[in-house]
């Protein structure tokens, strides 16, 4: 007797998306379950199972004290993909470039007071070093996170930091033309390494770059460092700018903070997923408490010398603490 095998029914979509019983979105198709080095946690790298990189991923990703049964369940609340990110940021860049062109044509920088221009030389122009450290720390999360949907969010965050450090560099060059005696475009590195305003940020960011556990690096960057940068470097310096008649900086800082709002949204969602395991919560709370000391010190040191803004540090600290208090760590 011959048994004819039953014909296999073709899949209507990718197997990992079939359970939803609906047509998957573009986000789901191009963002989920993409990390090949998660196929075997014991042997994450096919080329060399016992090499440096394989050991690194086993220790600092697979061996993290923060664990979850299904990291791939994480979803970006904005559901950005490369295509939509570029559409979004093309509009953002058009807006910022329009601001730069308009204020340049109006010779905006020549109208800035010498005192405010000196403050920009000390507190704004060296910011490209600060933003570059945030970019590098974001890129580390891209490589080390246990799900492609997390990696994508971190990649867009790294791209945001690259865009803004590029704008800082551009503005530094512009300001150097109208205020040539302030060392703009020549002294930023020495300011970053020596000025008291930057030293606590340097300590914070260098400590993050030397933090290898992927989950702790994420907490240190997205919960502590980026909010500190947002509230001190962008928001409170933007307040000073308005009071000094620098409308360009004020408007550019508002544009930068729109990217930060998106960063905070995915940060909250990832913490919500982490907190689904109660044993993770104590670890996360301990990390936040430890890193907050460095973050608060960075804010206080940076804001101390911002002109015409005596409440800068208090307001920035209050904003970062409000953000931390809003995190969904406990039901």
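Post the alpha-carbon centroid distance, segment 278-329 to segment 72-87, in whole angstrom.
About 27 Å separates the Cα centre of segment 278-329 from the one of segment 72-87.
What does the C-alpha gyration tensor say about the overall shape of segment 124-222? Classify as rounded when a/c is under 1.5, otherwise prolate if a/b is larger than b/c, or oblate.
Oblate, since a/c reaches 1.5 and b/c is not below a/b.
Tilt of helix 127-144 relative to the longest C-alpha principal axis of the chain, in degrees (0 to 90, nearest 10)?
0 degrees
Report the relative contact order of the chain, percent, no decimals, based on alpha-carbon pairs under 8 angstrom and at least 6 residues apart.
Averaging sequence separation for qualifying contacts and normalising by length gives 21 percent for the chain.
Classify segment 170-210 as rounded, prolate or oblate from the Cα gyration tensor: take a ≥ b ≥ c as the square roots of its eigenvalues, call it rounded if a/c is under 1.5, otherwise prolate when a/b beats b/c and oblate if not.
prolate
How would the chain be classified by its alpha-carbon gyration tensor: rounded, prolate or oblate, with rounded meaning a/c under 1.5 and the a/b versus b/c comparison settling the rest?
prolate
Report, to the nearest 10°, how far helix 196-209 tilts away from the longest principal axis of the Cα atoms in the chain, using its own Cα long axis and a range of 0 to 90°.
10 degrees
Under 8 Å for C-alpha pairs, at least 6 residues apart: give me the relative contact order for segment 22-167, rounded to a whole percent.
Reported as a whole number, the value is 33 percent.
Suppose only helical runs count, i.e. DSSP H with n ≥ 4. What mean residue ellipticity at 222 nm does that imply for the chain under -39500 (n - 2.57) per run, divided by all residues and rounded to the nearest 500 deg cm²/dmol?
For the chain, the value works out to -19500 deg cm²/dmol.
Just report the Cα centroid separation between segment 142-164 and segment 213-256, whole Å.
18 Å
Taking Cα atoms, how many degrees apart are the long axis of helix 247-274 and the longest axis of the chain, rounded to 10 and kept between 0 and 90?
30 degrees
Any read-out appearing in this document is the output of simple, stated calculations on the displayed coordinates, not a laboratory observation. Only a predicted model underlies this, so the values are computations on that prediction, with no experimental measurement involved.
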